[in-house]
Structure formats: C-alpha cells, structure tokens
1. Suppose we keep only residues that are of a type outside the set (V, I, T) and in a helix (DSSP H, G or I) within region 6-20. Which one would you say is most open to solvent (accessible area, probe 1.4 Å)?
2. Only one of G41, G30 is farther than 13 Å from D16 by Cα, open to solvent by less than 100 Å² (accessible area, probe 1.4 Å), free of Cβ contacts under 8 Å to residues at least 60 places away in the same chain and in contact with a helix residue (DSSP H, G or I) (Cβ under 7 Å, 6 or more places away or on another chain). Can you tell me which?
3. If I ask for residues that are of a type in the set (A, V, I, L, M) and in a loop (DSSP other than H, G, I, E, B), which ones from region 38-59 would you list?
4. In region 44-73, which residues are touching a residue at least 12 places away in the same chain (Cβ under 8 Å), of a type in the set (V, I, T) and open to solvent by 40 Å² or more (accessible area, probe 1.4 Å)?
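The values are calculated or read from the model by the stated rules, or taken from the named source; none is laboratory data. Predicted model only: the values in this text are computed from it and were never measured. For neighbour counting, all protein chains shown are included, and Cβ atoms are generated from backbone atoms with ideal geometry for every residue, glycine included. Quick note on the areas: whole protein, heavy atoms, side chains included, nothing else; ligands and nucleic acids left out. Shrake-Rupley method; radii C 1.70, N 1.55, O 1.52, S 1.80 Å.
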Amino acid sequence: SDFMLKSIKLLVIDVDGVMTDGKLYYTDQGEAFKIFDVKDGLGIKIAKKIISIAIITGNNSPIIQKRASVLGI
C-alpha cells in the first residue's frame with residue numbers, strides 16, 4: 001500500500017548480482033573487474049531523492065568504492 005512505501009527510509013542493496021551481473025571478470029594480468037549497469041545507477045540516483053541508499057558487499061574493492069562514490073552512496 002501507499003502507506004508502506006512512505007514508511008521505507010532506507011534501501012540496502014547487495015553489489016554482486018544486484019548492481020552487477022554477478023560474474024567474475026579477470027584481465028590477462030589477473031586483475032579483477034566488475035561491470036555495472038547504468039540503468040541501475042539511474043534508478044539509484046532517482047531513489048536517492050526520496051530514501052537513503054546503502055550498499056553491502058563481502059568485497060570492499062576500489063572498484064566498488066568508485067561506483068559508490070559516483071552514485072553518491
């Protein structure tokens with residue numbers, strides 16, 4: 001109902017499989033990288049206008065920190 005939506009204050013999103021496709025990618029040099037969907041980013045930026053957003057991950061990599069920073073999380 002509309003009341004329930006208005007009572008939501010925080011959305012917590014997992015990174016792998018939610019903000020990414022959940023796959024592991026490696027360069028020839030063995031460096032890992034992730035692929036983020038820009039549509040998810042747009043949805044997060046829109047949602048941030050009405051609720052707080054947080055991410056949760058088991059891997060606190062510079063890649064994740066950079067994406068969070070770009071999205072203002």
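1. Filtering region 6-20 for residues that are of a type outside the set (V, I, T) and in a helix (DSSP H, G or I), the one most open to solvent (accessible area, probe 1.4 Å) comes out as K6.
2. G41
3. Result: I50, I51.
4. Residues satisfying the conditions are I55, I56, T57, I63, V70, I73.
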